[in-house]
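This report refers to the structure that appears directly beneath it.
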């Protein structure tokens, strides 16, 4: 009979480094396409396709709002933490007007993007800055399934 003796090795969990992207845009219609592509590349194949679609959709909503409501350049930053399965996207623009969620009306065309952000994102918000504002959202893992973004 053989025996093994010695100290048991302990493993420390090492958090994988986060990935991020940061881009500045002029306020024009081509910004949305570039922003969507950047988010898709950031997430790569690390998350399910439906989550990538949600992230792209919400990013598109924030960027469209910046294009429509700010006058000038705006900034997009996104950070993805694969080990914690958290994505945060922020759009900073020079407008001091905080976004307001529109009332849901079936006859209204447009203006319901923040309702979509509110329904799909795990968390979202906005705040005034010294020059302008930031609008952000987060998609994070569900408590009952840590491998899938919500």
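Here, each number is a calculation from the coordinates, and none is a lab measurement. What you see is a predicted model, and the numbers here were worked out from it, not measured in a lab. Backbone-built Cβ (ideal geometry, glycine too); neighbour counts: all protein chains shown.
By other beta-carbon atoms within 10 Å, ranking 36, 123 with the fewest at the front produces 123, 36.
Rounded, prolate or oblate for region 20-149? Axes are the square roots of the Cα gyration tensor eigenvalues, ordered a ≥ b ≥ c, and the cut-off for rounded is a/c under 1.5. Verdict is prolate for region 20-149.
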